[in-house]
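Structure first, then comments.
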Amino acid sequence: MKVVEINDVHKIYHDTEVEVRAINGVTLSFEKGEFTVIVGPSGSGKTTLLNLIGGLDQPTNGEILVAGHRLSELRPSELIDFRMEHVGFVFQSYNLIPVLTASENVGFIMSLQKWPKEKRIARTNELLGSVGLSDRGNSRPSQLSGGQQQRVAVARALATRPEFILADEPTANLDSKSAEALLDIMEKLNRDEEMTFIFSTHDAKVMKRARRIITLEDGKVVSDETRTEN
Amino acid sequence: MITEIAWKNIWRNKSRSLIVITAVTIGVFAGIFSMAAINSSVQQRLDAAVHEELSHIQVNNKDFRSSGDIQDTIQGADSLMTLIEKTKGVKAATGRIILMGIASTSAKSEGVEIIGVDPVKEQQIFTLPEKLVPGTGSYFKSETKYNMAYMGETLARDLNIIRFILTGDALAKLRNEKVPELVITRLQSLKDQRFISEKAFAKAFEVLLSPSQNKKYGLKIKEAAWSFREGSKVILSFLDVNNVQTSAVFRITGIFRTNNDMFESVSLFVPGEELRRLTGLREGTYHRIIVELNSDDLTGEVTSKLRESMPGLEVLSWKEIQPDLALMADFMEQIYGIFMAIILAALAFGIVNTMLMAVLERTREIGMLAAIGMNRRKIFTMIMLESVFLSLVGGVSGMAVSLAAIAATAKHGINLVKYSEGMEAFGYSAHLYPSVDIKFFLITAVLIVITGIISSVYPARKALKLNPVEAIRGE
Ligand SMILES: Nc1ncnc2c1ncn2[C@@H]1O[C@H](COP(=O)(O)OP(=O)(O)OP(=O)(O)O)[C@@H](O)[C@H]1O
Ligand SMILES: [Mg+2]
């Protein structure tokens, strides 16, 4: 089942003196349960592509379909609700609400979706367990390490079972040990919850863990390989 | 959830929030407390006007107020009073005889309004009998064969009935009140000397003392030397029913002290029966019926009811007799509203500034919230609640401080007597007992919330303008 379809998408930035073709004719699709990494040199358009898929930005040209929604047809306010319902985000940093505890951060989107309290607490505990932070539920983000914060962010992104999780360089600020731990968790959740992960990276070690590697250069897809072993 | 986040957010930068909260606290305190003080002054004035001078409603012969003629009496006043007392909301009614006349002593004469009253009835209606200066006699209680008169301190002074004498007792009293021996020694030279006016007395002792001693003890010295001989005589002259000039000697039964010099200087009370005998007015005739109600709130209603049932007479509420007082009462709330609005507008700038800093500091975080699906309304609400909480915390603490200050000063009052001459001439007490209606607190709370909401609009709009993509990307 396809969760995302991208059809000849272009994103051109005009707001500098020269126009920048950040995404220049990309056609791709993603299946449910994928564990895909997007790689490419700096400035190749990875962040831009993820933002377009996640409905954070609109393409200049082309079509993006997510879970039956044609994103270009959504009004800005609908786009926000679309993100809340269908997309999980993990950013490089500043993922969490500093005044809330880890548990409350994990529960945040469930609250926005008005889940009943018991259900929310149960799901939060389950997820904190699967990211290995059962005992840190009451800690504030500032009391957690960078790796732990990213794990809380993954748990939050996953909580309401979105169509997929987008993670833009989730390990960029982590040491290699924490990065490996985060990837272990993402892999496990990909397996156990059949959650689709699409993430970008610069890190060769991270790349090796993916089952599909899409390489961008100058806003174009230059290779798209799926590994069958593993 | 949003509420909880907003509440926690205001404590992220504790010192900054505390500065704003303190500013709001001080502003609200200043507003409420000064209002409470002014309110008490106005309230005291209104109480005095109603309970010492006017009563709630007055019924007059139609022509009496303009003519002042002794013949313009109310027909059938006795049965009217019975009728009035049966009207719902009326506590008591009594009749008065009112004559324009002259009061004289061997030293001076003053024009006065001689009011003939029923002392028993008056005591049920007015608090004036309780305003008797202790030690000056009583309110028509002494058993004598003389005509008695109850007069205000100002009139007594004007007629030189009040003297200033530093007797041995007076000096002992000063000693008791901790006036230094040095000052008392200096005053010895004035001992037992009699002064017929306060001015002359002040002049005499002021040269003996240093300016600071005068300032500190002047009032106490005057108070101690204040003296009055019970049974002092005053001659009252007026026209009788046949327009014949009549005079009679009255003795002073007591002297009262109010905050209203004007009222004190023209009003003189005597038993109605005496006046009747001296003027030849028939039994049961009065110029004015005064009506006391169970509550001031009934004034308008009962006034129009009485007016309807007594078409031939002039029925006036205290608000109509002294419209300036009524206006004052009505304006209080508006003045307060304007006052608070000015204070809160100033505070709003502080809140806007603080919230703007808070929003700009949290660009990435707000961008992240928008990215993961917190909609515009929720973001706006969050910023607005932060601003409301800031102003509410300050407002509540300001109200608490005000309450404490009011409670602390309400019992003994704030004494402005030193600066009071101007105030008392117009009937406003110089001794303030701050008090506020609970309504003022509610209005204040509402104004504070409104301030919080208004102050949040600009910062919240700034937050909404943030583009989540750029906020997240931004290095
Ligand atoms: N708001 C913008 N305005 C103008 N140009 C932009 C904007 N955002 C991105 N770009 C440009 O678009 C191109 C793609 O940027 P993008 O951030 O997607 O690259 P990236 O692959 O994520 O790079 P990195 O690996 O450094 O994160 C770059 O040339 C960048 O300068
Ligand atoms: Mg990038």
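Any read-out appearing in this document is the output of simple, stated calculations on the displayed coordinates, not a laboratory observation. The model shown is predicted, which means the values in this text are computed figures rather than measured ones. FYI the Cβ positions are ideal-geometry reconstructions off the backbone, even for glycines, and counts take in every protein chain you see.
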Inset, instruction - Pick out, in residue order, every one of the trypsin sites (Lys or Arg not before Pro) in region B:191-288 that is DSSP loop and has at most 16 other C-beta atoms within 10 Å; say none if there are none. - result: B:R229, B:R257, B:R282
Inset, instruction - Please go through region A:83-126 and write out the trypsin sites (Lys or Arg not before Pro) that DSSP classes as loop and that have at most 15 other C-beta atoms within 10 Å. - result: A:K114
Inset, instruction - Place the peptides B:432-445, B:373-386 in order of packing, highest mean first, counting for every residue the other Cβ atoms within 10 Å and averaging per peptide. - result: B:373-386, B:432-445
Inset, instruction - Could you name the aspartates and glutamates whose alpha carbon sits less than 17 Å from that of B:K199, not counting residues in the same chain fewer than 8 places away? - result: B:E153, B:D158, B:E223, B:D261, B:E421
Legend entry - Shielding by partners - mean other protein chain Cβ count within 10 Å, residues of A:97-108: 3
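Given the pairs B:K191/B:K215; A:K177/B:K14; B:K62/B:K108, which are separated by over 31 angstrom at their Cα positions?
In this structure, A:K177/B:K14; B:K62/B:K108 exceed 31 Å between Cα atoms.
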Inset, instruction - Take the Cβ-Cβ distance between A:E78 and A:K32 as r, set R0 to 25 Å, and report the resulting FRET efficiency rounded to the nearest 0.05. - result: 0.60
Inset, instruction - Using the Karplus curve 6.51 cos²θ - 1.76 cosθ + 1.60 with θ = phi - 60°, work out ³J(HN,Hα) for each residue of region B:52-57 in order, rounded to whole Hz, and write x for Gly and Pro. - result: 10, 10, 10, 6, 6, 9
Inset, instruction - Mind checking which lysines have their Cα closer than 22 Å to the Cα of B:K131? Skip sequence neighbours fewer than 8 apart in that chain. - result: B:K91, B:K121, B:K141, B:K220, B:K222, B:K233, B:K411, B:K418
Inset, instruction - Give the order of B:H412, A:H10 when sorted by the count of other beta carbons within 10 angstrom, beginning with the fewest. - result: B:H412, A:H10
Legend entry - Filter on A:K188/B:K378; A:K2/A:K188; A:K32/A:K117 - keep pairs with C-alpha separation over 26 Å: A:K188/B:K378; A:K32/A:K117
Legend entry - Cβ neighbours within 10 Å from other chains - mean over A:80-87: 4
Legend entry - 15 Å Cα-Cα reach of B:K8 towards aspartates and glutamates, excluding residues that sit fewer than 8 places from it in its own chain: A:E104, B:E365, B:E386
Inset, instruction - List the relative contact order of region B:163-227 as a percent without decimals, with contacts defined as Cα pairs under 8 Å and 6+ residues apart. - result: 53
Inset, instruction - Enumerate the amide H contacts of B:L208 below 5 Å, restricted to partners 5 or more residues apart or on another chain; note that Pro and chain-start residues carry no placed amide H. - result: none
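Could you tell me which trypsin sites (Lys or Arg not before Pro) in region A:18-57 are loop residues by DSSP with no more than 16 other beta carbons within 10 angstrom of their beta carbon?
Passing both the DSSP loop test and the Cβ count: A:K32.
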Inset, instruction - Take every DSSP beta bridge whose two residues both sit in the protein assembly as shown, then give the antiparallel share in percent to the nearest 5. - result: 70
Inset, instruction - Quick one: what are the phi-derived ³J(HN,Hα) couplings along region A:10-24, Karplus 6.51/-1.76/1.60 with θ = phi - 60°, whole Hz, x for glycine and proline? - result: 10, 9, 10, 9, 9, 6, 9, 4, 8, 7, 10, 8, 5, 10, 10
Legend entry - Using distinct alpha-carbon pairs, which all enter the 1/r mean, Kirkwood radius of the protein assembly as shown in Å: 33.1
Inset, instruction - Counting helices only, and only those DSSP H runs with n ≥ 4, report the 222 nm mean residue ellipticity of the protein assembly as shown as the sum of -39,500 (n - 2.57) divided by its residues, in deg cm²/dmol to the nearest 500. - result: -15500 deg cm²/dmol
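Can you give the mean number of other chain Cβ atoms that lie within 10 Å of the Cβ atoms in peptide B:372-385?
Values: counts 17, 18, 7, 9, 3, 2, 2, 1, 0, 0, 0, 0, 0, 0.
For this peptide, the per-residue mean of nearby foreign Cβ atoms is 4.
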Legend entry - Packing-based ranking, highest mean first, of B:157-163, B:121-127 given that Cβ atoms within 10 Å are counted: B:157-163, B:121-127
Legend entry - Relative contact order computed over region A:1-73 (Cα-Cα under 8 Å; 6+ residues apart), in percent: 39
